[in-house]
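The structure under discussion appears below in the form of structure tokens.
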Amino acid sequence: MSLIEIQEIAKTYGGIHALDGCTLSFEEGHISGLIGPNGSGKTTLFNVVTGYEQPDSGSVRFDGDAITRLSPDKVFDRGIGRTFQLTRIFPRMNVVENLHVAAQRSGGFRSELSRWSSTSERARAKEVLDFVGLTRLASEMAGNLSYGQQKLLEFACIIIARPRVILLDEPAGGINPTLLRHLASRIRALNDEGITFVVVEHDMEFVMGLCHKVCVMHQGRTLCSGHPDEVRQDPLVLEAYLGTDMREADLTRSGAN
Ligand code: ATP
């Protein structure tokens with residue numbers, strides 16, 4: 001069953017058609033990959049789905065309800081969390097304080113800030129830090145963490161709100177292979193608990209090894225979608241990538257995550 005349904009979304013910036021009638025859907029319980037050459041509209045699509053950008057036309061439905069043009073906070077309250085290409089954390093706050101702020105953003109916490117000091121909420125923060133593997137860094141300033149650890153912290157800040165769907169924008173970018181394997185295992189574990197993922201990523205081994213389905217975007221539209229094995233053999237996909245970046249075009253490497 002489709003949890004997110006995107007219908008004919010268009011978004012222009014000046015004369016640039018970032019999204020040009022984009023239609024696709026993401027199934028509940030899946031880890032879906034969203035790939036495509038640079039500038040094909042992947043981040044713009046995330047921005048439209050999560051309310052950070054308003055589409056010119058088209059619609060987005062979540063679990064059957066229209067969410068087109070809702071504000072980012074309203075989309076978040078519906079249960080859609082996201083990360084960003086450039087990590088958004090508070091570098092001068094420590095790791096736990098970052099989680100505190102993230103928890104306040106969640107609808108369930110917003111009016112009850114004092115509850116943070118309750119045993120249950122601190123236990124929840126500890127559980128999330130244990131889960132992502134940042135417990136020993138709980139008191140460290142977020143700005144002192146490595147780039148990969150900062151990405152894990154941003155991930156933790158989304159998890160703490162218990163979303164139904166998590167959209168990850170280039171989670172593998174700049175992360176070392178060990179952290180990347182760790183991140184993949186955390187995504188799989190959360191998916192096993194029922195959380196749906198959509199992952200924008202250029203690292204093909206990561207995408208092909210992790211995702212149940214891959215959607216390919218090209219020039220603001222969906223080029224094709226399907227099982228990773230089908231997509232990586234699709235001549236249209238290889239053609240779309242050729243002439244952009246040969247590393248990206250190497251879709252035939254086996255996924256090993
Ligand atoms: P990448 O893989 O490089 O991150 P992408 O597939 O995520 O690319 P987008 O970032 O969505 O692509 O960009 C799609 C097109 O829209 C590009 O031509 C980009 O330059 C343009 N674009 C995106 N956001 C803006 C903006 N705020 N103002 C002007 N143009 C924009």
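Just give me the residues in the range 167-181 being among the hydrophobic types (A, V, I, L, M, F, W, C) and either part of a loop (DSSP other than H, G, I, E, B) or within 16 Å of the ligand (Cβ to nearest atom) (or both), in sequence order. Leu167, Leu168, Ala172, Ile175 - these are the residues of the range 167-181 that are among the hydrophobic types (A, V, I, L, M, F, W, C) and either part of a loop (DSSP other than H, G, I, E, B) or within 16 Å of the ligand (Cβ to nearest atom) (or both). If the condition is being assigned to a helix (DSSP H, G or I) and under 17 Å from Ala172 (Cα atoms), then the range 191-232 contributes Met204, Glu205, Phe206, Val207, Met208, Gly209, Leu210.
Applying the selection to the range 1-10, what residues are more than 16 Å from the ligand (Cβ to nearest atom) and out of contact with any Asp or Glu (no Cβ under 7 Å at 6 or more places or on another chain)?
As a first pass, look at the range 1-10 and keep what is more than 16 Å from the ligand (Cβ to nearest atom): 1-5, 7-8.
Across the range 1-10, the qualifying residues are Ile4, Glu5, Gln7, Glu8.
Specify the residue that is surrounded by the fewest Cβ atoms within 10 Å (Cβ to Cβ); the eligible residues are those in the range 28-72 that are more than 9 Å from the ligand (Cβ to nearest atom) and in a helix (DSSP H, G or I). Among residues in the range 28-72 that are more than 9 Å from the ligand (Cβ to nearest atom) and in a helix (DSSP H, G or I), the one surrounded by the fewest Cβ atoms within 10 Å (Cβ to Cβ) is Pro72.
Listed conditions (1) more than 17 Å from Gly81 (Cα to Cα); (2) β-branched (Val, Ile, Thr); (3) out of contact with any strand residue (DSSP E or B) (no Cβ under 8 Å at 6 or more places or on another chain) are all met by Val132, apart from (1).
Just one of the listed residues (Gly36, Gly14) is modelled with pLDDT under 95, in the same structural domain as Tyr241 (by TED's automatic domain parsing) and in contact with a Cys (Cβ under 9 Å, 6 or more places away or on another chain), and it is Gly36. When the range 73-94 is filtered for residues that are open to solvent by less than 80 Å² (accessible area, probe 1.4 Å) and within 15 Å of the ligand (Cβ to nearest atom), the ones remaining, listed by number, are Arg82, Thr83, Phe84, Gln85, Thr87. Scanning the range 11-27 for residues that are away from the ligand (no atom under 14 Å from the Cβ) and either free of Cβ contacts under 8 Å to residues at least 12 places away in the same chain or β-branched (Val, Ile, Thr) (or both) gives a single hit, Thr23.
The values are calculated or read from the model by the stated rules, or taken from the named source; none is laboratory data. All figures in this text were calculated on a predicted structure; none of them were measured in a lab. Cβ coordinates were reconstructed from backbone atoms using ideal geometry, including for glycine residues, and neighbour counts include every protein chain displayed. Heads up: the accessible areas ignore ligands, DNA and RNA and are worked out on the full protein's heavy atoms, side chains in. Shrake-Rupley method; radii C 1.70, N 1.55, O 1.52, S 1.80 Å.
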